Amino acid sequence: MGLKLYRINALVIRHLYLYKRSLPRLMDIFFWPVMELLLWGFISLYLSTTEFTGANIVTVLLGAVIFWDLLSQSQRAVSIAFLEDVWERNFLNIFVTPVSLLEFIASTVVLGFVRVLLVVVVMSGLAFIFYAFNIFTFGFYLIPFMANLLIFGWILGLFTTAIILRYGSSAQVLAFGFILIIQPFSAVFYPASVLPESIRWLSFILPSTHVFEGMRAVIATGSSALSELGWAFLLNLIFMALVFWFFYKMFAQVKAKGRLLKLD
């Protein structure tokens, strides 16, 4: 059978129509490439002006990679734990039992902690074996750095879960991609000073920014990161209160409209 152009054309048009109603497909074209460009562009600017020694650059970048993955895994653990119940059509079954919403949230947080702990152990061990990177270089600051990132990851996970509750399957992409939206503004691999002034304010309202800025300060100069940690804890408390309120509001709306059965 030969190729029929009208059939190929019909199939192409079929896929193009999907783009009109598919946020994930549109983001693949117009959003994620822009995010990657911004991220690597800012990294290039930072590396072109840095005065760190080679050893410090390695420590900064490897530390940033491990801490960023900690934040990312923390967020995804909460979001995906929720989605797995949705995919298995088990979400409604949970809430016809005496299990409360707070208990459900707490279980996802505990799951996230276990998952993150395993990831950090594996990544830190491999970084030490292959690159002689010792995560305990951060000393006293290691625990508060990690705690702040864990808390912020849980906050982001609850936020994306609330959005998925409200908008259903069309918003499931946020469970995997939302964390990347804030990455260019979190100063993960470069200081916030590299960002244009017009968007720098956005960077400073993110708890993650203060953790990564504190990490670089400890590595580069050995100076105290207590002020950055203070800002991170304060911002986490504010975001936690807002996200808990938002989550409970979305859950109440979905429950009142009888949409728990329609989550898929």
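Nothing in this text is a laboratory measurement; each read-out follows from the coordinates by a stated rule. What you are looking at is a predicted structure, and each value in this text was computed from that prediction instead of being measured. A quick note on method: Cβ atoms are made from the backbone with ideal geometry, for glycine too, and the neighbour counts reach across all protein chains shown.
Sorted fewest first by neighbouring Cβ atoms within 10 angstrom, Tyr190, Tyr141 come out as Tyr141, Tyr190. Place a point 7 Å from Cα of Phe246 in the direction of its Cβ. Which residues in region 136-160 have their backbone N less than 18 Å from it? Correct set: 149-160.
Sorting Leu165, Leu226 from the fewest to the most surrounding beta carbons within 10 angstrom yields Leu226, Leu165. If the chain linking Lys255 and Glu84 were pulled fully straight, counting 0.36 nm for each residue of separation and taking away their Cα-Cα distance, it would gain 59.7 nm.
Look at Trp231, Trp154 and count the other Cβ atoms within 10 Å of each Cβ; fewest to most, that gives Trp231, Trp154. Kirkwood-type hydrodynamic radius, region 121-202: 15.5 Å, calculated from all non-identical alpha-carbon pairs.
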